[in-house]
1. Taking A:G309, is it small (G, A, S), more than 22 Å from A:Q595 (Cβ to Cβ) and touching a Phe, Trp or Tyr at 6+ places or on another chain (Cβ under 8 Å)?
2. Which of the following residues is small (G, A, S) and modelled with pLDDT of 90 or more: A:G260, A:G221?
3. For segment A:152-167, does any single residue satisfy the condition of being closer than 30 Å to A:Y94 by Cα and free of Cβ contacts under 8 Å to residues at least 40 places away in the same chain?
4. Return the residues of segment A:277-330 that are among the hydroxyl-bearing types (S, T, Y) and part of a loop (DSSP other than H, G, I, E, B); say none if nothing qualifies.
5. Hey, any hits in segment B:100-109 for a residue that's within 14 Å of another protein chain (Cβ to nearest Cβ) and at pLDDT 90 or above?
6. What's the number of the only condition in (1) within 22 Å of B:R33 (Cβ to Cβ); (2) part of a helix (DSSP H, G or I); (3) out of contact with any helix residue (DSSP H, G or I) (no Cβ under 7 Å at 6 or more places or on another chain); (4) within 14 Å of another protein chain (Cβ to nearest Cβ) that B:I80 fails to meet?
7. Do the conditions hold for B:P90, that is, is it part of a helix (DSSP H, G or I) and either within 10 Å of another protein chain (Cβ to nearest Cβ) or surrounded by fewer than 20 Cβ atoms within 10 Å (Cβ to Cβ) (or both)?
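The values are calculated or read from the model by the stated rules, or taken from the named source; none is laboratory data. These numbers were taken from a predicted model, which means no experiment stands behind them. Here the Cβ is made from the backbone with ideal geometry for all residues, glycine too, and neighbour counts use every protein chain on show.
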Amino acid sequence: VNRPPKRVEKWIQTQLFDTVPMAMAVIDAHFEIVYANQAFDATFGQWQGRRCHDVYLGRKQRCRDCVGTQAFQTRKPQVSKQSCVDRDGNQRLYIKHTLPVIDEQGQVPFLVEMCTDVTESDQIKREYQLLFDQVPCNILIIDRDFRIVKTNAQASKIMGNLVGHRCYKGLKGLDEKCVECTARQTFEDGSLHTGHHLWRTLDGETRHLHVITVPILQDDGSFETVMEMAVDVTKTLRLEDGLKFAHSFLETLITTAMDGIFALDESGEVRIVNPAARKLFNLSKAQNLSRDQLNAILPAEFWDQVRAGQPRVYFPETTITCKDGSLLPVRLSGNKLNINNKSKGMAFSIQDLSEIKRLEADKLEAERLAAVGQTVAGLAHGIKNLTTALEGGLYLLNSGVGKGDIERIQKGMEMLGRNIERITMFVKAFLSFAKGREIRAKCNPPQAIAKEVTDMYVARAQQSGISLAFEADQKVAPAVIDYESMHECLTNLVGNAIDACQVSENGGSHVTVRLLERKGAVIYEVEDDGCGMDYELKRKLFTTFFTTKGLGGTGLGLLMTKKIVHEHGGTIELESEPKKGTVFRIVLPRHRLPQPIEGADCQ
Amino acid sequence: MAALVIYAIPVLSREGVSMTNKILIVEDESDIRTYLSAVLMDQGFETVAIDETQAVVPAVRQSAPELIIMDIMMPLRSGISIFKELRQQPDLAVIPVILISGYSGREDFMANEFRRLVPEREITAPEGFVEKPLDLEMLMNTIETVLETKGVAQ
């Protein structure tokens with residue numbers, strides 16, 4: 001038998017027991033600890049006169065799965081893993097070797113038990129396994145035959161059990177190694193390799209994976225297996241695709257938009273200027289637009305609001321200053337860009353209004369010409385009627401003379417006089433209409449005009465038993481209006497309203513003049529509860545030289561009113577119902593009001 | 001002088017025409033109603049003159065005229081609208097109508113304007129049209145022709 005040298009043998013016999021780092025104890029058939037080494041002392045504390053189950057676990061009874069009993073009975077060494085409580089009361093994990101001591105008679109009087117503390121290494125092992133299985137990444141271990149040796153739980157969840165399969169077959173359903181195989185590259189040069197793989201999963205989907213392979217090196221630097229770590233990037237790719245689409249969609253939209261689009265970042269620097277905006281700002285394709293340049297182009301009122309941190313700015317009609325100093329009418333609007341409540345700057349759209357302005361001017365001109373056309377037709381009709389009436393007067397006069405009928409002569413004379421007077425009135429009104437003196441708009445308080453007209457009519461209305469009232473919205477700001485012309489319009493409308501009450505059979509007796517401001521428009525309303533108008537009458541109202549007042553009217557008042565309202569860029573509407581009354585409404589959108597005459601700015 | 005010419009129109013011979021001898025005038029201008037009434041009375045007709053605000057159908061039924069002379073451009077109801085209403089009454093549709101207006105010339109009215117205003121084919125054209133200002137000779141000739149035609153038809 002192999003024996004150590006003498007001196008060592010002695011050391012083994014006398015000192016080894018106390019020197020080994022694991023706790024060792026000698027246990028008798030009653031499971032009482034009869035002897036133990038220093039390490040045992042240090043681990044479990046006082047043991048003299050105590051039984052093993054008491055020392056290890058503080059139990060009064062023998063353990064159910066008592067390893068010692070087995071060792072006594074089988075006379076073979078036992079290895080077990082057991083959780084025990086150490087002298088400080090901590091539960092720790094031990095590997096126990098329980099060795100039967102067999103005497104010369106073949107009996108087992110004692111057991112020697114050695115405890116090795118494996119708490120930490122066990123913990124590490126568990127942590128490693130957890131990490132291996134639960135890391136959000138598929139892990140495979142592949143050998144040099146490209147067989148999968150092991151996979152983590154994540155991988156088997158989506159791929160099923162692949163152990164023993166060739167990787168190319170199991171992962172991709174291929175019969176041959178992939179050209180881009182990263183494992184092969186790692187096997188060849190021992191270094192880390194990355195790649196993009198497509199896997200076919202259990203549920204038949206194709207997944208995109210970003211793959212890293214590394215060698216699992218042994219102590220001597222050799223390796224027989226590689227670890228393949230594969231991150232599923234399918235969702236990321238899909239998101240990236242979506243993002244790419246959204247980006248290119250927006251980019252196309254911005255580039256091809258007819259309106260100018262530009263954006264400032266949170267520090268106020270210009271980030272985006274689309275081609276339409278470049279055209280408006282007179283910039284070449286490559287030219288940068290600095291903050292200062294943009295400052296000079298856009299109007300001060302715009303910057304005031306932007307700097308004040310308004311979430312939204314809107315100027316339906318303002319002007320920008322071109323390079324050559326000329327002004328260009330534009331519409332400007334902008335919105336703050338907020339991402340997760342954090343300001344990321346502002347985006348703006350800018351629309352060139354010069355074409356629209358020109359079209360509007362053309363339309364105004366066309367409307368004016370149409371009005372003149374209708375006027376001429378109406379005028380011809382009026383003159384023909386007047387001529388007929390004059391001829392009638394002459395006929396009565398002449399035939400009266402012939403018959404010596406004084407009454408007839410008298411009637412003829414009256415008819416002539418009346419119609420000559422009517423011609424005079426007609427021609428005067430027509431001349432003033434046709435000349436249509438140039439609008440001279442200035443900044444005027446809209447209230448003052450309505451008030452003056454109302455005051456002018458109060459006496460006449462009272463005489464006829466009609467109440468005339470003026471109501472105005474609290475704050476209607478001054479507007480660019482030709483005072484005289486608008487005065488004439490309201491005079492016409494209020495005069496008509498009083499007439500409508502006077503001829504009404506339903507006893508209309510109220511005329512109300514109102515001034516309102518709605519949606520950026522100054523609105524005058526003249527309402528009466530007089531005779532009202534039917535459809536036929538309403539239809540004709542503005543279209544011919546039309547009067548219901550016989551000799552008392554020229555049929556020009558409303559035409560004139562319409563013309564003036566159009567010259568102010570406004571519209572005139574009416575609501576009327578027979579025997580109920582009528583509302584005339586002049587709507588003057590502020591952004592369409594005429595330019596004030598020189599030196600009469602409206603602020 | 002035009003006035004003398006107007007005065008000098010001859011009194012028409014009225015053979016073969018007659019019965020009620022009555023003409024209904026529908027015209028908004030009172031001076032023109034007076035004028036037409038005087039002229040027609042001088043020619044031996046009986047006249048009834050109303051404006052467009054009156055209910056014309058009952059007035060026609062009541063007066064049973066031989067002929068209706070009606071203005072077109074009247075502010076509260078157009079002569080065309082009244083004309084259509086009359087032509088839609090079977091008993092009144094046979095009464096000849098002469099429309100008068102400064103609106104357009106005779107040729108133009110009969111050739112184009114009337115069908116533009118009255119697209120309904122079942123409504124027949126008026127029997128006559130005289131432009132304002134009135135040429136009295138033309139008016140009287142038209143009245144004569146219309147009444148003669150009516151006489152033959154009956």
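1. When the stated conditions are applied, A:G309 does not pass them.
2. A:G260
3. Yes: segment A:152-167 contains one or more residues that are closer than 30 Å to A:Y94 by Cα and free of Cβ contacts under 8 Å to residues at least 40 places away in the same chain.
4. Once the filter is applied, which keeps residues that are among the hydroxyl-bearing types (S, T, Y) and part of a loop (DSSP other than H, G, I, E, B), segment A:277-330 yields A:S284, A:S290, A:S326.
5. yes
6. Unmet condition: (3).
7. Against the criterion (part of a helix (DSSP H, G or I) and either within 10 Å of another protein chain (Cβ to nearest Cβ) or surrounded by fewer than 20 Cβ atoms within 10 Å (Cβ to Cβ) (or both)), B:P90 does not qualify.
Residue-by-condition table, conditions (1) under 30 Å from A:S333 (Cα atoms); (2) in contact (Cβ under 8 Å) with a residue 24 or more places away in the chain; (3) crowded, with 17+ Cβ neighbours inside 10 Å:
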{"position": "A:H197", "(1), (2), (3)": "no, yes, yes"}
{"position": "A:E228", "(1), (2), (3)": "no, yes, yes"}
{"position": "A:E240", "(1), (2), (3)": "no, no, no"}
{"position": "A:F245", "(1), (2), (3)": "yes, no, no"}
{"position": "A:L253", "(1), (2), (3)": "yes, no, no"}
{"position": "A:Q287", "(1), (2), (3)": "yes, no, no"}
{"position": "A:R307", "(1), (2), (3)": "yes, no, no"}
